[in-house]
Amino acid sequence: MKYNKMKLWLAALAVVLLLSTVGVVAWLLMPVSAESMRRSAVIVEQSTWQEITIDGKPQLYFSSALGDSALLGVTANRDSALHRKHLTGCWVNRWMLVPSCWGRIATVYSRGATTPNIKGDSNIVNLCRLSIAQQLKTLKTQKSELDYYLRVHGVQDNGYQTIASFASHVNMAYNDVMRASQVIDSLVSDAQKKRHKFELKSVTEYVAVYRDDEGKLMRYPLKRIFADGKRHTMLLQTEDEATPSDVATISKSPWGNKANGGLRAVGFPGLGEKGLECDTVSSIIIPGSLRDYRHDLPRVLVSDGAPVFTAKGFFIGIVSGKRIVTDLKYE
């Protein structure tokens, strides 16, 4: 009797496991709803800057370089040298039949700044001083002209507030460059006591930006798992390797590999356009068509990295230029 009860329990457990497995597989293989399409899309904010480390610590920054002959925009303020770009991405599962996102985001690969090949501590110091001198010359002239304008005009004059705001910006830039000059001078004067090591580095950070179910703007730091140069895509992941509870994850579908036909893409209209911040745009579904894996989606509405689905709701891949990348890597 006891043996028969054990068999019944095992059989019931097997049935429950089988039904659960069938249910999960059926759920994953079902078309994606319009709401889930929208929730699967995410904005990826890419921030890139170039820094000058001194004895291993970042102390100065620069906006760009002219080969190995010049550093441009050397400053003590990192934000002045920051380059920000916004991409579209989507939350994806690692495996087709198992919920396995763990914070993964598929998007297009966007190359950051290339570190200039400038060697030699004294060479770096000289290029920093040259950049600082050129900036101070320009900023001093601007400060003088703006100070004069503000002295002889009043708040009642047309455009006064705009010019006052610009003057404040120039003063901040001037102070940042002066601080950079002071850093260089202090290190040079200290060189007789201690030799300092200078190095140029390029840094890229990623942040996932989306709105939760209550409309609150959420930001999750990301790390890059890998970049696929051949497909021009990359896979990112939340730093804690956890998927936010209020997003939708999508999986590669055996019915989504279509070269032709109608499609649906999720885009953030105006994303990346000047004057439109990423926290002011919302995702919408844009219809289109596919022919030989080439789409007719308008670029201003659907940017690179946007998830694309068949007209029935099966995931195809992501936008890259005028093509759809279907053979994404998920691990």
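The values are calculated or read from the model by the stated rules, or taken from the named source; none is laboratory data. All of these numbers come straight from a predicted model, not from anything done at the bench. Here the Cβ is made from the backbone with ideal geometry for all residues, glycine too, and neighbour counts use every protein chain on show.
Couple of notes before you dig in:
- Only residues that are touching a residue at least 40 places away in the same chain (Cβ under 8 Å) and touching a Phe, Trp or Tyr at 6+ places or on another chain (Cβ under 7 Å) were counted in the stretch 193-228, giving 6.
- Hey, Trp102 part of a loop (DSSP other than H, G, I, E, B), under 23 Å from the mean Cα position of the chain (by Cα) and modelled with pLDDT of 90 or more or not: yes
- Qualifying residue in the stretch 70-84 (condition: touching a residue at least 60 places away in the same chain (Cβ under 8 Å) and among the acidic types (Asp, Glu)): no
A quick yes/no check of all residues on (1) assigned to a helix (DSSP H, G or I); (2) in contact (Cβ under 8 Å) with a residue 60 or more places away in the chain:
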residue: Val125; (1), (2): yes, yes
residue: Arg129; (1), (2): yes, no
residue: Gln135; (1), (2): yes, yes
residue: Leu139; (1), (2): yes, no
residue: Gln142; (1), (2): yes, no
residue: Leu146; (1), (2): yes, no
residue: Leu150; (1), (2): yes, no
residue: Val155; (1), (2): no, no
residue: Asn158; (1), (2): no, no
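- Count - residues of the stretch 279-297 that are under 20 Å from Ile43 (Cα atoms), in a loop (DSSP other than H, G, I, E, B) and either more than 24 Å from the chain's Cα centre (by Cα) or at pLDDT 90 or above (or both): 1
- Residues being within 30 Å of Tyr174 (Cβ to Cβ) and of a type outside the set (S, T, N, Q) - total across the stretch 92-132: 13
- Hey, Leu82 within 20 Å of the chain's Cα centre (by Cα) and more than 20 Å from Gly305 (Cβ to Cβ) or not: yes
- Flag for Gly317 being surrounded by 16 or more Cβ atoms within 10 Å (Cβ to Cβ) and not acidic (Asp, Glu): yes
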